[in-house]
1. Mind checking the angle between helix 55-67 and the chain's longest principal axis? C-alpha axes, 0 to 90 degrees, to the nearest 10.
2. Quick one: divide the alpha-carbon radius of gyration of the stretch 188-305 by 2.2 N^0.38 Å and tell me what you get.
3. Quick one: what Rg and Dmax do you get for the stretch 231-380 from the alpha carbons, in Å?
4. Against the longest principal axis of the chain, how steep is helix 166-176, in degrees 0 to 90 to the nearest 10, with axes from Cα atoms?
5. Compactness ratio of the stretch 111-249: Cα Rg over 2.2 N^0.38 Å, N = residue count?
6. Given 0.36 nm per residue, what is the gain on full extension from residue 321 to residue 162 after removing their alpha carbon distance, in nm?
7. Could you state the angle between the C-alpha long axis of helix 324-336 and the longest principal axis of the C-alpha atoms of the chain, as a value from 0 to 90 degrees rounded to the nearest 10?
8. Could you tell me what % of all Cα pairs in the stretch 214-261 have separations over 12 Å?
């Protein structure tokens, strides 16, 4: 159930003032859904007058104002919603859409700068990109991307085209590599990050393992199973319509999310020193699932510095598969870490309701990312 459904399901509760405000909120949401923004805004102002302490009317007023391109007013309304300490996931929705308002204002002023980054060192480390792929066209495309992004640093692309598992393929690739930084990448990753090479080198100067999305508290065998407010990062996926990109936001609190316990494996980067001590577990995970959760959680348990790099903006042209084979490796994972997980709830991505925005352009997405990272909201 989304934010809209959750609000509708709670209408009418609380003292009489709140009940009336909630009724007005329901009327506003119905009007907004029908495209009648004038009525929606009027009802929301009435709800705020009756119960100004409720965050929901302020939030939806801000959403309506964004639709009306009233970005300054939207920023004020969404800030008011945040000040009323909403619970997750509404808190994250407030943060993200406040960043949307700020990014629009910045772009309107001609401010298109991205996040600052440190310059490359005079002698940058070599970077080895390891890709397991059986699709020649996709491998050539992603290789060309990495060559372009890493042209300012020494690098190599290592393709493994006959891996029996991702763990086995990545271990083979590491054995062939020469880099001080190892990138383990799927062949369907699109990287939009400006100054990618410099940011990657800087990230691994202070961490042993970085990813793009993950959790600061692992539950079960998925990085997202812990739910709110433990999730970190962002990722783009193909829109359901088949055209465009939907950016999913899980929490961007500063440039890095420290102390991450598990990360998605579509993009991982590690220091060579970590890989020498911690190979992928190809005996237990001899297929195509759970290699990433196992690798990142094991690194966390061994005391390596694991983080999500919030300044990385990437699209993963896949939505993942959860079937019988995934369940098989999930059981292996839970058996391997029995007693080391606080609870092992089921995968519940459908219940998360993360902010998901159809991005009109990469420029807009980068502007939203910048606003979120610089705001540095505290995780709930």
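Quick note: the coordinates plus some simple rules give every number you see, no bench work behind them. If you're wondering where the values come from, they're calculated on a predicted model, not measured in any experiment. Backbone-built Cβ (ideal geometry, glycine too); neighbour counts: all protein chains shown.
1. Orientation of helix 55-67: about 80 degrees from the principal axis.
2. 1.08
3. Every Cα atom of the stretch 231-380 included, Rg and Dmax give 16.5, 45 Å.
4. In the chain, helix 166-176 runs at an angle near 50 degrees to the longest axis.
5. It is 1.14.
6. Extra length from residue 321 to residue 162 when fully extended: 55.2 nm.
7. Orientation of helix 324-336: about 80 degrees from the principal axis.
8. When all Cα pairs of the stretch 214-261 are counted, 63 percent exceed 12 Å.
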